[in-house]
1. Return the residues of segment B:15-28 that are assigned to a loop (DSSP other than H, G, I, E, B) and either modelled with pLDDT of 95 or more or open to solvent by less than 20 Å² (accessible area, probe 1.4 Å) (or both); say none if nothing qualifies.
2. On the given criteria, is residue B:138 among the hydrophobic types (A, V, I, L, M, F, W, C) and touching a residue at least 60 places away in the same chain (Cβ under 8 Å)?
3. Applying the selection to segment B:29-53, what residues are closer than 17 Å to residue B:166 by Cβ and open to solvent by 20 Å² or more (accessible area, probe 1.4 Å)?
4. Scan segment A:54-74 for residues that are free of Cβ contacts under 8 Å to residues at least 24 places away in the same chain and open to solvent by less than 60 Å² (accessible area, probe 1.4 Å) and jot them down.
5. For residue B:132, work out the one condition from (1) open to solvent by 10 Å² or more (accessible area, probe 1.4 Å); (2) in contact with a Leu (Cβ under 8 Å, 6 or more places away or on another chain); (3) within 14 Å of chain A (Cβ to nearest Cβ) it doesn't fulfil.
6. Return the residue satisfying two criteria in turn: it lies in segment A:167-199 and is among the aliphatic types (A, V, I, L, M) and facing another protein chain (nearest Cβ under 7 Å), and of such residues it is nearest to residue A:59 (Cα to Cα).
7. Quick check: is even one residue across segment B:146-153 open to solvent by 10 Å² or more (accessible area, probe 1.4 Å), of a type in the set (S, T, N, Q) and not in a loop (DSSP other than H, G, I, E, B)?
8. What number goes with the only condition from (1) modelled with pLDDT of 95 or more; (2) farther than 24 Å from residue B:158 by Cα; (3) within 18 Å of the chain's Cα centre (by Cα) that residue A:277 does not pass?
Protein chains: 2
Amino acid sequence: MNDSIHQHIAILGSGQMGLVCASILAAPSLSRPPSNITVWSHSPEEAGELAQTHRSDRLPGYLLPDGVRVSSRLEDAVAHATLVVSAVPVQFMRRVWTPLGQSATDHRSRKSPLPSDAAVVSVAKGIENTTLLRPSQIIAEVLHDNPDTKPRGIATLSGPTIASELARCLPATMIAASDLPKLAAELQVLFSSSWLRIYTSEDILGVELAGASKNVIAIAAGILDGLQAGHNAKSALLARGLAEITRLGSAMGASQETFFGLAGVGDLATTCFSPEGRNRSCGEALGRGEKLDAYLARTTSVVEGVATTLSLMDLARKFRVDMPITTAVHGVLFQNVDPIEAISRLMSRELKAERIS
Amino acid sequence: MNDSIHQHIAILGSGQMGLVCASILAAPSLSRPPSNITVWSHSPEEAGELAQTHRSDRLPGYLLPDGVRVSSRLEDAVAHATLVVSAVPVQFMRRVWTPLGQSATDHRSRKSPLPSDAAVVSVAKGIENTTLLRPSQIIAEVLHDNPDTKPRGIATLSGPTIASELARCLPATMIAASDLPKLAAELQVLFSSSWLRIYTSEDILGVELAGASKNVIAIAAGILDGLQAGHNAKSALLARGLAEITRLGSAMGASQETFFGLAGVGDLATTCFSPEGRNRSCGEALGRGEKLDAYLARTTSVVEGVATTLSLMDLARKFRVDMPITTAVHGVLFQNVDPIEAISRLMSRELKAERIS
């Protein structure tokens, strides 16, 4: 285990997952030395408020641990980082990460403030619209690391993790996935505690894809809740939703096992059933008859699944995968299809043998 | 499609699933002719009450459809049956079905009241203690059909089906599984309606095994609820529980796909998350500190998962499969292990890579 990764940690984003990561990493541990932690917020006001009060409107009841720095200056936050935790919503990642990249054309023309050996772990769940890139791919593309140097370690951390429960230290599990097993193992030690159990995986493609796509299924689950369709219907949706996101994953080269594990079915379950899930809550409002624009206007948090639905439709077309639930969600979100009509269409498809792959 | 299967249907058992099946099969349908339906109850009092009032204490709000007969005489109920629906709890099946079997030693010595060409579909979820037989196997063994005649069609019907939701005609899905695809297809037509969607499967081993074993995981899920552990923990348990029952299924020759489908993860989800699930509710009481004997004494319904835990432990040993959650549930149910201690043991297992198979 390389101790250097633990020394200076920059957390980009002061949303729920950013705040929770700060707490997890600042907690005293016998299995690792303490780290210097800086949380970066894009808003100077929010950074100031968080630094002074240690509290945030984004996560009621949360208290930022003593010793964690807060900054709204990106260059300062990452200056000595040995690890960067990216807790920025996927559709904003490119904007946030671009100042940290080398110049695309000439590696000498612009010096990045990010140390070249700093590893990166993303906790965001989505797929960038138009490029269809996953979080780790966006970061790699934007950083333009010098191809002649040792490749930078990039990882993702995912799993069934409703942030408000993590903030209360309720028992939970996560998957640390990276092409570099060494980095996944380091993150396992770094994030593990008596209440948080970290498993490792080498299937970063599958983990990121499962984390993104389950948000779309969760919107459908919320629609069922809004229609008061019951647990049988929602569980059937979970199973059929798992089947379709697994089909997409397989077509893209991910491991099926990932979708049937914590980052797949585990995350899907908590997202579909926790009353606090953002994507489920959005779907529930739609199921009750609210319009998407109205819902998004009154919510303060980013509903990743809405943008991800667009990306998933593109991927389904590109990889020729049948995704009836995603298509139904797309219809409700963007084509003004009535939720009851969308569900009826799903239920009245031709009777057949169950098939996953 | 053979119309004969629809003519006379006997439903054995007047518990929740028996009652719900009566409603489903008695509902008018354009895709099949109406059937003569008889519900058999082991208790003459219960049969009389149900026949007179059309209501049952076992399923509040339920109304038995007009035209459905009720009987407490098993021979009468099955006399002209072309299909028997077995809705008897697994540990009572042998006792109920034995009078319907031929004599074991001589096929001419005792004539069964059950027509030799009547098909059978079981809706029970469990594994018989000591014999470790599945419902369809118990029925086949007890019937002692003449091996020289055409083999009797035996099937199972399973899936995410909380009975009180089915009674309200909320949307749901089920799997009809049989070694005989023709029987599964007949059941698909027979049970399908605008709100109930039936898929077919040939993996009756997997469907029965998944239906039985998910009840044990649901007891563990209930324990977490009793401890107020949150949705992240319960979803992680669902994923890890799915992994261990899938391992057992694979070792026994079932298809992995079955466990990742409606009869597996779908049923597991509704059983773990619906507040009405009996196995989850039992676990919740244990998690709150109640003793098993006290809980079983005050509940009127059969908690299938309790007996199934014993069978699953035997199967795990027999097929050399590691089943940590089942073992933890067994400890809490039968070895007086404290629920918090059982959960801590699960959480503190050595950190490792996620593995399903």
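1. Looking only at segment B:15-28, we keep the residues that are assigned to a loop (DSSP other than H, G, I, E, B), and these are B:15, B:27-28.
Result: B:15, single match.
2. No.
3. Keep residues of segment B:29-53 that are closer than 17 Å to residue B:166 by Cβ, which gives B:29, B:37, B:39.
Once the filter is applied, which keeps residues that are closer than 17 Å to residue B:166 by Cβ and open to solvent by 20 Å² or more (accessible area, probe 1.4 Å), segment B:29-53 yields only B:29.
4. Scanning segment A:54-74 gives a single hit, A:54.
5. Of (1) open to solvent by 10 Å² or more (accessible area, probe 1.4 Å); (2) in contact with a Leu (Cβ under 8 Å, 6 or more places away or on another chain); (3) within 14 Å of chain A (Cβ to nearest Cβ), only one is false for residue B:132: (3).
6. Here is the first cut: in segment A:167-199, the residues among the aliphatic types (A, V, I, L, M) are A:167, A:170, A:172, A:174-177, A:180, A:183-185, A:187, A:189-190, A:196, A:198.
From the residues that got through so far, the ones that are facing another protein chain (nearest Cβ under 7 Å) too are A:170, A:172, A:175, A:198.
Details: A:170: 15, A:172: 18, A:175: 23, A:198: 23 Å.
Here the residue is A:170.
7. No, every residue in segment B:146-153 fails to be open to solvent by 10 Å² or more (accessible area, probe 1.4 Å), of a type in the set (S, T, N, Q) and not in a loop (DSSP other than H, G, I, E, B).
8. For residue A:277, the exception is condition (1).
The values are calculated or read from the model by the stated rules, or taken from the named source; none is laboratory data. All values derive from a computational prediction rather than experimental measurement. Here the Cβ is made from the backbone with ideal geometry for all residues, glycine too, and neighbour counts use every protein chain on show. All accessible areas refer to the heavy atoms of the entire protein, side chains included, with ligands and DNA or RNA removed. Shrake-Rupley method; radii C 1.70, N 1.55, O 1.52, S 1.80 Å.
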